[in-house]
1. Taking into account only those residues within the stretch 32-57 that are of a type in the set (D, E, K, R) and touching a strand residue (DSSP E or B) at 6+ places or on another chain (Cβ under 6 Å), which is surrounded by the most Cβ atoms within 10 Å (Cβ to Cβ)?
2. Can you tell me which residue is surrounded by the most Cβ atoms within 10 Å (Cβ to Cβ) among those in the stretch 158-170 that are touching a strand residue (DSSP E or B) at 6+ places or on another chain (Cβ under 6 Å) and not polar (S, T, N, Q)?
3. Is there a residue in the stretch 13-23 that is buried (at least 16 other Cβ atoms within 10 Å of the Cβ) and among the polar types (S, T, N, Q)?
4. Pull up the stretch 30-67, narrow it to residues that are under 20 Å from TRP166 (Cβ atoms) and aliphatic (A, V, I, L, M), then point me to the one that is farthest from the chain's Cα centre (by Cα).
5. Just the residues that are outside any helix (DSSP H, G or I), β-branched (Val, Ile, Thr) and at pLDDT 95 or above, please, taken from the stretch 13-51.
6. Can you name every residue in the stretch 127-156 that is over 18 Å from GLU31 (Cβ atoms), buried (at least 17 other Cβ atoms within 10 Å of the Cβ), within 16 Å of the chain's Cα centre (by Cα) and not aromatic (Phe, Trp, Tyr)?
7. Would a scan of the stretch 107-124 turn up a residue that is touching a residue at least 40 places away in the same chain (Cβ under 8 Å), of a type outside the set (Phe, Trp, Tyr) and closer than 18 Å to LEU22 by Cα?
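The values are calculated or read from the model by the stated rules, or taken from the named source; none is laboratory data. Fair warning: this is a prediction, and the values are worked out from it, not measured in the lab. In this analysis, Cβ positions are derived from the backbone assuming ideal geometry, glycine residues included, and neighbour counts consider all displayed protein chains.
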Amino acid sequence: MPRVLLGIGSNIERERYITAGLDALAGLFGELDLSCVYDSEAIGFAGQPFLNMVVGIDTDLSPGQLARQLRHIEYEHGRPVAASRFSPRQLDIDILTHGALSGTIEGVELPRPEILENAFVLCPLAEVAGPELHPVVGRTYAELWRAYDRDSQAITRVDFQWRGRWISRA
């Protein structure tokens, strides 16, 4: 069963929708491997700051099947059907990696390019999957995070509880 890494973000009622996303993912996939939660500015549009994190799951769903499941969760939590890529959102769940797959598979670009571009993706990814290799560049996520220009995007770890336990401390 492949390990899949997901990016989760919200900039509308952020705590509420990150919690709802985690609850929905746990209901579908069982135990989740969780990063800390980070506050970051909106990238690509003027908007409220986001909360972001990375979640590891194990699933036999293909990339296309998984993308449809995740989109359904987003719609259930208020994402407009015609939402543009760079817009405010209650809940955004992206497939970052799906095992060692690379390329566009069933309409899903793997690994997601934002891994190498955005601190709010790479930092929590390095927490959850630090020793794992990026399927294209062949370096570990921990190495990629150490080499990242941290002055290019500010992120801040925040306090966050889920199901009565701290998953993130500032």
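1. Step one: of the stretch 32-57, the residues of a type in the set (D, E, K, R) are 33, 39, 41.
Applying the additional criterion that residues be touching a strand residue (DSSP E or B) at 6+ places or on another chain (Cβ under 6 Å) yields 33, 39.
Values: ASP33: 14, ASP39: 18.
Once the filter is applied, the top-ranked residue is ASP39.
2. The initial filter retains those residues of the stretch 158-170 that are touching a strand residue (DSSP E or B) at 6+ places or on another chain (Cβ under 6 Å), namely 158, 160, 167-168, 170.
Going one step further and asking which of them are not polar (S, T, N, Q), we end up with 158, 160, 167, 170.
Working: VAL158: 17, PHE160: 22, ILE167: 17, ALA170: 10.
Looking at residues that are touching a strand residue (DSSP E or B) at 6+ places or on another chain (Cβ under 6 Å) and not polar (S, T, N, Q), I get PHE160.
3. We begin by selecting, within the stretch 13-23, every residue buried (at least 16 other Cβ atoms within 10 Å of the Cβ); these are 14, 17-22.
Cutting the leftovers down to among the polar types (S, T, N, Q) gives us 19.
Checked against the condition, which is being buried (at least 16 other Cβ atoms within 10 Å of the Cβ) and among the polar types (S, T, N, Q), the stretch 13-23 yields at least one hit.
4. Top of the filtered list is LEU32.
5. VAL37
6. Those that are over 18 Å from GLU31 (Cβ atoms), buried (at least 17 other Cβ atoms within 10 Å of the Cβ), within 16 Å of the chain's Cα centre (by Cα) and not aromatic (Phe, Trp, Tyr): HIS134, ILE155.
7. Taking every residue of the stretch 107-124 in turn, at least one turns out to be touching a residue at least 40 places away in the same chain (Cβ under 8 Å), of a type outside the set (Phe, Trp, Tyr) and closer than 18 Å to LEU22 by Cα.
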